[in-house]
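Novice: A single structure is presented below for examination.
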Amino acid sequence: MIITSERTRPGPAVRDPSPEGQAPDPLQLAERTAVFAAAFLRWVEAAAGDGLPYPRLRLLEELHCRGPAIMSQLAAAVGLTRRSMTSAVDALESERLVARRPHPEDRRATLVELTGPGLRAADEAFQPRMAAIAALFDGLDPDDRAAFARIVAHLTTGLRTRTGPRPRATAPDATLAGGPS
């Protein structure tokens, strides 16, 4: 039997939970994960209260956590079309939060990297969000948190084996932009 989640807009239905003591089947887990992920992303964006749209936040996050990247890699990682990515980078560049520079090995490619102000803006955006997200785990006991961490690591590995790792744009001076050292 399918039950709908308590939502005001149409979306995926979630099947009844498994009988007591039985593990949910993979389809039930996929359905529950999809519903949670959508609700979680809406909550993260709404909880921020800083007016920073989610795609822009994802772009800053991608550059902050992974360092400089070419536009097509950023578009794929953030889930934007190339045209939308160009617009997003243009806007961030006009605010001096990112800079474009030639790729050191591929003359056709342009790297996008955080500037000093961009790194500070990313830190300011992420710290309150991460604190709010971390608070979601306050209700879990240490064993549940450990189990969750193991499961997420396992699922992440599974995604990588199915899709392969995201190619990285290497740059000799990535640390200057606040990227990984």
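The values are calculated or read from the model by the stated rules, or taken from the named source; none is laboratory data. Values in this document were obtained by computation on a predicted structure and should not be read as measured data. Glycine gets a Cβ as well: all are built from the backbone with ideal geometry, and neighbour counts include every protein chain shown.
Novice: Please tell me if Leu159 is closer than 29 Å to Gln73 by Cβ and modelled with pLDDT of 90 or more.
Specialist: The answer is no for Leu159.
Novice: Taking the criterion of being crowded, with 16+ Cβ neighbours inside 10 Å and either touching a residue at least 40 places away in the same chain (Cβ under 8 Å) or within 17 Å of the chain's Cα centre (by Cα) (or both), would at least one residue in the range 138-154 satisfy it?
Specialist: no
Novice: Go through the range 9-23 and give me each residue that's exposed (fewer than 14 other Cβ atoms within 10 Å of the Cβ) and either farther than 28 Å from Ala125 by Cβ or modelled with pLDDT of 90 or more (or both).
Specialist: Those that are exposed (fewer than 14 other Cβ atoms within 10 Å of the Cβ) and either farther than 28 Å from Ala125 by Cβ or modelled with pLDDT of 90 or more (or both): Pro10, Ala13, Asp16, Pro17, Ser18, Pro19, Glu20, Gly21, Gln22, Ala23.
Novice: Right, here's the next one. Can you tell me which residue among Ala77, Ala46, Ala69, Ala99 is of a type in the set (Gly, Ala, Ser) and touching a Ser or Thr at 6+ places or on another chain (Cβ under 6 Å)?
Specialist: Exactly one of Ala77, Ala46, Ala69, Ala99 is of a type in the set (Gly, Ala, Ser) and touching a Ser or Thr at 6+ places or on another chain (Cβ under 6 Å), namely Ala99.
Novice: Then there's this: Within the range 98-116, is there a residue that is of a type in the set (S, T, N, Q), buried (at least 18 other Cβ atoms within 10 Å of the Cβ) and part of a loop (DSSP other than H, G, I, E, B)?
Specialist: yes
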